[in-house]
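The values are calculated or read from the model by the stated rules, or taken from the named source; none is laboratory data. In this text, all values refer to a predicted model and were calculated from it rather than measured experimentally. No Cβ is skipped: glycine too gets one built from the backbone with ideal geometry, and neighbour counts run over all protein chains shown.
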Amino acid sequence: MNPLNMCSSRREILKILKKERATVDDLSTQIGISPTAIRQHLTILEGENLIQRERLKEGIGRPKVLYTTTEKAENFFPKYYSWLAEGMIKQILSQEGEEKINDLFNKIGDAFSQPFQEKVHGKPLEEQIMLITDILNEWGSYASIEKTETHYLLTTYNCSFYDVALKFPQVCNVHIRFLENLLNHTPRLTSCMADGNDYCEYIIPLK
């Protein structure tokens, strides 16, 4: 479920359950809609694995059913990862300089590529590039590949680090280093979203 497409009632349910466990009746009272409507919303949220049930036994009778959020639901609440990353980069730049930042992002690119090296290395170039495209798409890059007479053109339409890259383009070293390590060749970045373009584009010469 896309957070942007969630209706206001389900958002309110998640906000309440983020703070405390609650029953259907608790939610109905707080939100001001019928228990039947609450159950319908809970069924949808439970189907998306955003909430879970807990049963609380209190004396004689049927146990009370309480609802609470799951770990997956964390993505529906405000997060400031970009702000934190930008703050860390600023501190490193001011204390260590740009060379340290470049080295840091290269090492992150090394760590990113390391789990895939055995899978990619030793394959023909075309197969390597197809595997790399699949990996990038698993990371949400919306990547595509085009072959010309002289080179491959790797295009990505989503930047995982977009907000940070706008202020610190050195972060692009992560993807460049990732490609370099898997291809044993440094691709040429010819278009970059951090520069205001609609996509990032890499030229990989035919070997």
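A search for C-beta distances below 7 Å between a residue of region 185-202 that is free of Cβ contacts under 8 Å to residues at least 12 places away in the same chain and any residue that is surrounded by fewer than 18 Cβ atoms within 10 Å (Cβ to Cβ) and of a type in the set (Asp, Glu), counting only pairs 6+ apart in sequence or on different chains, returns Thr186/Glu180. What pairs come up if the first residue lies in region 79-98 and is at positive phi and not assigned by TED's automatic domain parsing to the domain that holds Phe168, the second is at pLDDT 90 or above and of a type outside the set (Gly, Ala, Ser), and their beta carbons are under 8 Å apart, counting only those six or more places apart or on different chains? Listed pairs, sorted by first residue: none to list. Checked against the criterion of being of a type in the set (Gly, Ala, Ser) and either touching a strand residue (DSSP E or B) at 6+ places or on another chain (Cβ under 8 Å) or not assigned by TED's automatic domain parsing to the domain that holds Leu42 (or both), region 56-67 contains not a single residue that satisfies it.
Just need a number here: residues in region 101-153 that are among the hydroxyl-bearing types (Ser, Thr, Tyr) and part of a helix (DSSP H, G or I). Even if it seems obvious, please write down each step before you answer.
Going residue by residue through region 101-153, those that are among the hydroxyl-bearing types (Ser, Thr, Tyr) are 113, 133, 141-142, 144, 148, 150, 152.
Cutting the leftovers down to part of a helix (DSSP H, G or I) gives us 113, 133.
Count: 2.
Considering each residue of region 161-174 in turn, at least one proves to be part of a loop (DSSP other than H, G, I, E, B) and either in the same structural domain as Gln128 (by TED's automatic domain parsing) or small (Gly, Ala, Ser) (or both). None of Thr29, Thr68 is in a helix (DSSP H, G or I) and of a type in the set (S, T, N, Q) except Thr29. Do we have any residue at all in region 119-132 that's over 23 Å from the mean Cα position of the chain (by Cα) and at positive phi? Yes: one or more hits.
Going by what's in this entry, would Gln52 be described as in a strand (DSSP E or B), under 24 Å from the mean Cα position of the chain (by Cα) and at pLDDT 90 or above? Yes: the conditions hold for Gln52.
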